[in-house]
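A short worksheet on the structure shown next.
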Amino acid sequence: MCSLRAPRVIWANCGSSATPFTALLVRDPVLTTRPSRSSTPHSRLPVGCPLNTWSTRVYTDSHVLVDSERNYGITIIGPVADDPSWQVQAGAGFAKADFVIDWEARTATCPAGKQSLSWLINPDVTKPETAVVRFSRRDCSPCPSRAQCTRRQVEPRELVLQPRVEHEALFNARRHQQTEAFKVQYAARAGVEGTHAQAVRRSGLRHSRYIGLGKTRLQHVATAAALNLIRISEWCAGTPLAKTRCSRFAALQ
C-alpha cells in the first residue's frame with residue numbers, strides 16, 4: 001500500500017516455498033490467492049511478496065507478461081531480459097526486432113526488403129507453439145548485408161518466433177523499459193527492497209525459527225503483521241520516511 005496519506009503496510013500475499021523452487025514456480029499460487037480485484041492495484045511489481053518468496057533478481061519473461069494479464073488481470077511492471085542475439089550484443093547487425101512480421105500472411109520481411117520463404121511450426125518439443133521463419137538462399141547469399149544478418153557460411157537467415165501475443169508483449173516491454181516513464185514507474189520497487197531490508201534487520205527473516213514449511217510460513221505471516229504494526233505506529237507518531245541509503249561507492253560518482 002503506497003498511499004501518501006496512509007501508512008505503507010504490507011498487503012500482498014505471503015507465500016513460502018522450499019529452496020529448490022524458483023520464483024516462477026510459485027508465481028501462480030501467489031497470484032491465485034491474491035486479494036479481491038477491488039482491493040488489488042492493477043499493476044504489481046515482479047518481485048511479488050516482500051517476504052522474499054519471489055526472487056528479486058528474476059526477469060519477467062513473455063509467459064509471465066501474458067499469463068498474469070490474461071489469467072489474473074494484473075499488469076507486471078519489471079525489466080525483461082535483453083535480446084541475447086549477437087547482433088544486439090555487438091550493436092551492429094539486424095536483430096529480430098529489425099524484421100517486419102506479418103502475422104496474418106505468415107511472412108517476415110528483412111531490413112533489405114526480402115520476404116521469407118517458409119513459415120513452419122518449430123519441431124523442437126522444448127519450444128512449443130513457436131515458428132521457424134526461413135529466408136531464401138537465393139536472396140541471402142548475394143545480399144551485401146549478409147555479414148550483419150547471419151554468421152552462417154551457406155545457410156540463409158532463420159528467425160524463431162514465439163506466439164504472436166508473447167512476441168508482441170516482449171517487444172513492447174523491451175521498448176517501454178527504455179523510457180523515462182518506465183523508470184519512474186519501476187522506482188516503486190525501491191520500497192519493496194526497503195521492506196525486505198526492514199524484515200531482515202528487525203525480524204531476522206532470513207532464518208527460520210521452526211522446522212517445517214507450514215511453521216515457517218506462519219513465521220513469515222507473523223513477521224509481515226509485526227512490520228505492519230511498526231509502520232502504523234511510526235506513521236501515527238509522525239515519524240518521517242527514511243531516505244534511500246547511498247553507498248560510499250555511489251557517492252563517489
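For this structure, a couple of remarks:
- The amide H of D61, built 1.01 Å from its N in the peptide plane, has no neighbour under 5 Å, considering only residues 5 or more places off or on other chains.
- Scanning residues 5 or more positions from S118 or on other chains, those with amide H under 5 Å from its amide H are R134, with H placed 1.01 Å from N in the peptide plane.
- For the stretch 76-93, 3J(HN,Hα) computed residue by residue from phi via the Karplus equation (6.51, -1.76, 1.60; θ = phi - 60°) reads 7, 10, x, x, 9, 5, 5, 4, x, 5, 5, 4, 6, 5, 7, x, 8, x Hz, glycine and proline entered as x.
- Zero-based 10 Å bins, Cα pair distances in the stretch 86-165, whole percents: 18, 51, 29, 2
- Amide H contacts of T107 (H built 1.01 Å from N, in plane; Pro and chain starts excluded): D102 sit under 5 Å, all sequence-distant by 5 or more or on other chains.
- Pairs of Cα atoms nearer than 8 Å and 6+ residues apart set the relative contact order; for the stretch 131-171 it is 51 percent.
- Cα gyration tensor, the stretch 99-253 - rounded (a/c under 1.5), prolate or oblate: prolate
- Rel. contact order, % - alpha carbon contacts under 8 angstrom, at least six apart, the stretch 86-165: 26 percent
- Karplus-based coupling profile of the stretch 203-215, in residue order and whole Hz: 10, x, 5, 6, 10, 7, 7, 10, 9, x, 5, x, 5, with θ = phi - 60° in 6.51 cos²θ - 1.76 cosθ + 1.60 and x standing for Gly or Pro.
- Residues V184 and E158, FRET efficiency given R0 of 30 Å [Cβ-Cβ distance, rounded to 0.05]: 0.20
- Karplus 3J(HN,Hα) series, Hz, for the stretch 144-159 with 6.51 cos²θ - 1.76 cosθ + 1.60 (x for Gly, Pro): x, 9, 4, 5, 8, 10, 8, 9, 5, 6, 10, 5, x, 6, 10, 10
None of the figures in this text is laboratory data; all of them are computed from the coordinates on show. Values in this document were obtained by computation on a predicted structure and should not be read as measured data. Neighbour counts are summed over all protein chains in view; Cβ atoms, including those assigned to glycine, are modelled from backbone coordinates with ideal geometry.
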